[in-house]
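Visitor: Have a look at this one before I ask anything.
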Amino acid sequence: MTLAQELITVGMIVLGTVATRFLPFLLVSRKKPTPKYIQYLGVVLPAAAMGLLVIYSYKDVNLLGGSHGLPELIATLVVVGLHLWKRQMLLSIAGGTVLYMLLLQFVF
Amino acid sequence: MSPKHHRAQALQAAFPYTIPILTGFVFLGIAYGYYMTAEGFHALYPIMISLTVYAGSMEFVTVGLLKEAFDPLRVLMLTLMINARHLFYGVAMLDKYRAVGRKKFFLIYGMADETFSVNCAAEIPPGVDKGWFMLWVTVLDYCYWQVGTMVGAALGSVVRINTEGLSFVLTALFVVLFLEQWRKEKTHHSALLGLGATLACLLIFGNQNFIIPAMLVILAGLTLLRKPLAKEGESL
């Protein structure tokens with residue numbers, strides 16, 4: 001690719017990303033009231049989107065090979081357990097992550 | 001309270017929520033900057049791409065796209081598909097980002113997965129300016145990613161540290177925020193639908209093609225559940 005072609009390619013990636021982020025806000029008019037259906041989605045979607053995001057973050061786990069997702073499972077259980085027990089966000093996250101690193105580097 | 005005090009107070013409330021993202025973004029940003037320079041690109045490439053694109057997974061894909069034949073339309077379609085999940089975030093944040101004035105542009109421009117998850121699920125303490133809280137989360141996350149990219153690009157191939165597994169910090173963040181969201185709900189239909197539909201689509205379609213089908217199943221499910229959910233009061 002020439003420099004111009006590289007700039008256009010990156011420009012397309014910026015355009016595509018910005019489009020997916022701005023589109024909902026551009027489609028909903030400021031003057032007219034938001035349609036009831038969209039209002040409903042606005043209320044129920046956050047929970048579903050968080051669920052999607054959780055699964056998305058495990059997408060590269062290989063259940064059939066390697067360690068069969070065992071380190072991910074153990075570390076996740078620890079994160080959930082710590083959070084239900086102490087409800088200290090940083091403790092839950094740090095505990096699970098440090099354990100995961102130890103599991104990956106020394107056990108599996 | 002003076003505007004300055006408002007801003008400082010919001011920063012104080014926002015910063016702790018971004019600490020996991022600080023760790024995750026600096027680490028992943030370094031990985032990205034390091035990877036792209038190791039693939040033979042000048043350090044300015046990852047730095048400029050992080051500043052403009054600002055979408056982690058897409059930036060890793062960019063490295064490959066710049067090595068292929070020139071095909072801007074395919075690149076645009078691919079970007080729309082990989083980033084389609086942002087559409088959901090936008091709909092979810094329509095209300096929260098409504099009355100924030102001029103901050104709105106950057107809140108939307110900088111709406112990365114992690115930033116969305118915090119701004120969506122965080123319990124903003126009473127008395128703290130919500131607009132400034134969300135803007136600080138967005139600005140801090142953006143800066144973390146830029147710092148990471150720059151460090152990675154500059155280090156090139158000099159450093160060897162065993163950071164294997166550190167990226168789990170972002171997974172742990174999502175799990176914790178999911179639990180926080182869960183606590184706020186009266187019913188859990190939507191959360192369970194999000195988990196179940198996405199997991200099913202991941203298993204059926206594989207990790208390259210599952211996002212769009214998952215979004216469609218979630219939309220269909222929520223549409224079907226509209227009447228029962230509205231009745232139970234989850235919709236208001």
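Visitor: Kindly state, to the nearest 0.05, the FRET efficiency for B:A69 paired with A:L91, given R0 = 51 Å and r defined as their beta-carbon distance.
Guide: Result of the calculation: an efficiency of 0.55.
Visitor: Find me the longest stretch of chain A that has none of the exposed trypsin sites (Lys or Arg not before Pro), where exposed means in a DSSP loop (not H, G, I, E or B) with at most 11 other Cβ atoms within 10 Å.
Guide: The reported range is A:32-108.
Visitor: To the nearest 500 deg cm²/dmol, what mean residue ellipticity at 222 nm is calculated for the protein assembly as shown from DSSP H runs of n ≥ 4 alone, each contributing -39,500 (n - 2.57), summed and divided by the residues? Could the numbers behind the result be given before it?
Guide: Details: 16 runs with 248 residues, N = 344.
It comes out at -24000 deg cm²/dmol, rounded to the nearest 500.
Visitor: Take the alpha carbon gyration tensor of chain A, find the square roots of its eigenvalues, order them as a ≥ b ≥ c, and report rounded if a/c is under 1.5; if not, report prolate when a/b exceeds b/c, else oblate.
Guide: Oblate.
Visitor: For labels at B:Y109 and A:L15 in the simple 7 Å Cα→Cβ model, what's the distance in nm?
Guide: 1.8
Visitor: Send over the semi-axes of the protein assembly as shown's equivalent ellipsoid, whole angstrom and largest first, taken as the square roots of 5 times the C-alpha gyration tensor eigenvalues.
Guide: Working: eigenvalues 173, 125, 102 Å².
One finds semi-axes of 29, 25, 23 Å for the protein assembly as shown.
Visitor: Also, I was wondering about something else. GNM on chain A, C-alpha springs below 10 Å: top fluctuator among A:V14, A:V78, A:V44?
Guide: Of A:V14, A:V78, A:V44, the Gaussian network model singles out A:V14 as fluctuating most.
Visitor: Continuing with the same structure: For the protein assembly as shown, what is the charge dipole size about the Cα centre, in debye to the nearest 20, if Lys and Arg each add +1 at the Cβ and Asp and Glu each add -1 at the Cβ? The partial results should precede the final answer.
Guide: Details: 26 positive and 18 negative charges, 293 e Å.
That gives the protein assembly as shown a dipole magnitude of about 1400 debye.
Visitor: Rounded to the nearest Å, what's the spacing between the alpha carbon centres of region B:53-118 and region A:35-108? Just the number, please.
Guide: Region B:53-118 and region A:35-108 have Cα centres separated by 22 Å.
Visitor: OK, next. Measure out, as a whole number of angstrom, how far apart the alpha-carbon centroids of region B:186-230 and region B:127-157 sit.
Guide: Cα centroid of region B:186-230 versus Cα centroid of region B:127-157: 30 Å apart.
Visitor: Build a GNM of chain B with springs between Cα atoms under 10 Å: which of B:P20, B:P126, B:P46 gets the top mean-square fluctuation?
Guide: Highest fluctuation among the options: B:P126.
Visitor: Here's a follow-up. Listed here are the pairs A:K36/B:K96; A:K32/B:K96; A:K36/A:K86; A:K59/B:K67; B:K184/B:K227; which of them are more than 28 Å apart at the Cα?
Guide: Among A:K36/B:K96; A:K32/B:K96; A:K36/A:K86; A:K59/B:K67; B:K184/B:K227, the Cα-Cα distance tops 28 Å for A:K36/A:K86.
Visitor: Applying 1/(1 + (r/R0)^6) with R0 = 35 Å to the Cβ-Cβ distance of B:S2 and B:D95, what FRET efficiency is obtained, to the nearest 0.05?
Guide: Efficiency, rounded to the nearest 0.05: 0.80.
Visitor: Sequence gap at least 6, Cα distance under 8 Å: using those rules, report the relative contact order of region B:189-228 to the nearest whole percent. Don't skip to the end; give the middle numbers.
Guide: Working: 20 pairs, mean separation 15.6, N = 40.
The normalised contact order for region B:189-228 reaches 39 percent.
Visitor: Continuing with the same structure: Could you line up B:L107, A:L64, A:L26, B:L76 from fewest to most neighbouring Cβ atoms inside 10 Å?
Guide: A:L64, A:L26, B:L76, B:L107
Visitor: Let me ask something additional. Let's test the formula: R0 of 45 Å, r as the Cβ-Cβ distance of B:T223 and A:L3. What FRET efficiency results, to the nearest 0.05?
Guide: 0.45
Visitor: Mind listing the phi-derived Karplus ³J(HN,Hα) values for region B:140-146, rounded to whole Hz, using 6.51, -1.76 and 1.60 with θ = phi - 60°, and x for any glycine or proline?
Guide: 4, 4, 4, 5, 4, 5, 5
Visitor: Hey, another quick one. Mind pulling the angle between the C-alpha long axis of helix A:89-102 and the longest principal axis of chain A? Nearest 10 degrees, somewhere in 0 to 90.
Guide: Once rounded, one gets 60 degrees.
Visitor: Let me ask something additional. Using θ = phi - 60° and the Karplus relation 6.51 cos²θ - 1.76 cosθ + 1.60, list the HN-Hα couplings for region B:41-54 in order, rounded to whole Hz, with x at every Gly or Pro.
Guide: Calculated HN-Hα couplings, in order: 8, 4, 4, 5, 4, x, 5, 5, 5, 5, 5, 9, 6, 6 Hz.
Visitor: In addition: Which shape class, rounded, prolate or oblate, goes with chain B when its Cα gyration tensor gives a ≥ b ≥ c as root eigenvalues, a/c under 1.5 marks rounded, and past that a/b bigger than b/c marks prolate?
Guide: Since a/c reaches 1.5 but b/c is at least a/b, the shape of chain B is classed as oblate.
No lab work stands behind these numbers, since they all come straight from the coordinates. Source: prediction; values computed, not measured. No Cβ is skipped: glycine too gets one built from the backbone with ideal geometry, and neighbour counts run over all protein chains shown.
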